[in-house]
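Trainee: The structure follows.
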Amino acid sequence: MTTLFISDLHLQAERPEIVRAFLQFLAQQTQGIDSLYILGDFFEVWLGDDAIQPAHQPILTSLKQVSDQIPVYFMHGNRDFLIGKQFCLLTGCQLLNDPTVVDLYGQRVLLMHGDSLCTKDSEYMAFRQQFRHPEMIKKLLAMTIPERIALGQQLRQQSQTAGQQKSLEIMDVTPEEALHVMAGHQVDIMIHGHTHRPNIHDLTELSGKPGKRIVLGDWDKNGWVLRWQKDGQYQLDSFPISV
């Protein structure tokens, strides 16, 4: 009995090898598992459920085949927060709030995408607050698809330029914020993605209790998956992605 966690695949037509790797992952690694969690940035960009592209179809179809057999949970990331009800109908995915506490074989675990923990990046945090507001989401979805494409390209370019000018520390999780959020949710274990820095951090500051912050990896030259077993054992694995 095993549950799988993935994030930050950034699926896009321009990277067909990652799409192939994900489809192979679904076909080969989800047999006999209990559930699959996708913790955001599944797509490089999602312009809305009304803007589904032909390249998306194999992904949606394969997800539905898996969700017909096991629960598949999805949490928004900073690149696919416009995913909505139609996507869920097509794929069978169940949307999760960010953050969400789940009961993982008797263990309380906090799930997040992770971007809200990067509090030192004040510029990004202001952007996040603006664009994730429900009224802004309504405005975005009211735009024509070409307008959304143009805006997405503009924001992507701005993000890349800004990222080149920021230190790695600023763009990483603020450790004190992670501890604060974990304490607020009364958990000893957190799982998140976003930072592209796969690791298992040992925490000792949680009211004297040992804790863990598990960071999922992004799919690029390698794919990443966290495997959590019923007995409480877990492993953060990577596997090569062939071009």
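Trainee: Which sequence of Arg148, Arg128, Arg20, Arg156 reflects their accessible areas, 1.4 Å probe, from the largest down?
Mentor: Arg20, Arg156, Arg128, Arg148
Trainee: Tell me whether the chain comes out rounded, prolate or oblate; compute the Cα gyration tensor, take square roots of the eigenvalues as a ≥ b ≥ c, and use a/c under 1.5 as the rounded threshold.
Mentor: Oblate shape, in that a/c is at least 1.5 and b/c is the bigger or equal ratio.
Trainee: Lys85: which lysines have alpha carbons under 25 Å from its alpha carbon, excluding same-chain residues fewer than 8 sequence positions away?
Mentor: Filter leaves Lys64, Lys138, Lys139.
Trainee: Using a 1.4 angstrom probe on the protein heavy atoms only, line up Ser242, Ser159 by accessible area, largest first.
Mentor: If we order Ser242, Ser159 from most to least accessible, we get Ser242, Ser159.
Trainee: Could I ask something else about it? For segment 49-117, what does the alpha-carbon gyration tensor say about shape, rounded, prolate or oblate, given a ≥ b ≥ c as the root eigenvalues, a/c under 1.5 as rounded, and a/b over b/c as prolate?
Mentor: Judged from the Cα gyration tensor, segment 49-117 comes out oblate (a/c at least 1.5, b/c at or above a/b).
Trainee: Take every DSSP beta bridge with both residues inside the chain and express the antiparallel ones as a percent of the total, to the nearest 5.
Mentor: Here the share of antiparallel DSSP bridges comes out near 55 percent.
Trainee: Heavy atoms only, probe 1.4 Å: what % of the accessible area of the chain goes to carbon and sulfur, would you let me know?
Mentor: Numbers: 6240 of 12290 Å².
Answer for the chain: carbon and sulfur cover 51 percent of the accessible area.
Trainee: May I pose another question? Summing -39500 (n - 2.57) over the DSSP H runs of n ≥ 4 in the chain and dividing by its residue number, what mean residue ellipticity at 222 nm do you reach, to the nearest 500 deg cm²/dmol?
Mentor: -10500 deg cm²/dmol
Trainee: Under 12 Å from the Cα of Lys209, which aspartates and glutamates turn up, not counting those fewer than eight places away in the same chain?
Mentor: Asp188
Trainee: Might you tell me the accessible area per residue for segment 69-222, computed with a 1.4 Å probe and given in Å²?
Mentor: 54
Trainee: Need one value: the accessible area of Tyr124 in square angstrom, 1.4 angstrom probe, rounded to the nearest 10.
Mentor: Roughly 40 Å² of Tyr124 is accessible to a 1.4 Å probe.
Trainee: Using the Cα gyration tensor of segment 101-243, with a ≥ b ≥ c the square roots of its eigenvalues, what is the shape: rounded (a/c below 1.5), prolate (a/b larger than b/c) or oblate (neither)? Kindly include the intermediate steps, with their values, before the conclusion.
Mentor: Values: a/c = 1.85, a/b = 1.56, b/c = 1.19.
Verdict is prolate for segment 101-243.
The values are calculated or read from the model by the stated rules, or taken from the named source; none is laboratory data. Bear in mind that the values here come from a model prediction, so they are computed numbers and not experimental data. These accessible areas exclude ligands, DNA and RNA; they are computed on the full protein's heavy atoms, side chains included. Shrake-Rupley method; radii C 1.70, N 1.55, O 1.52, S 1.80 Å.
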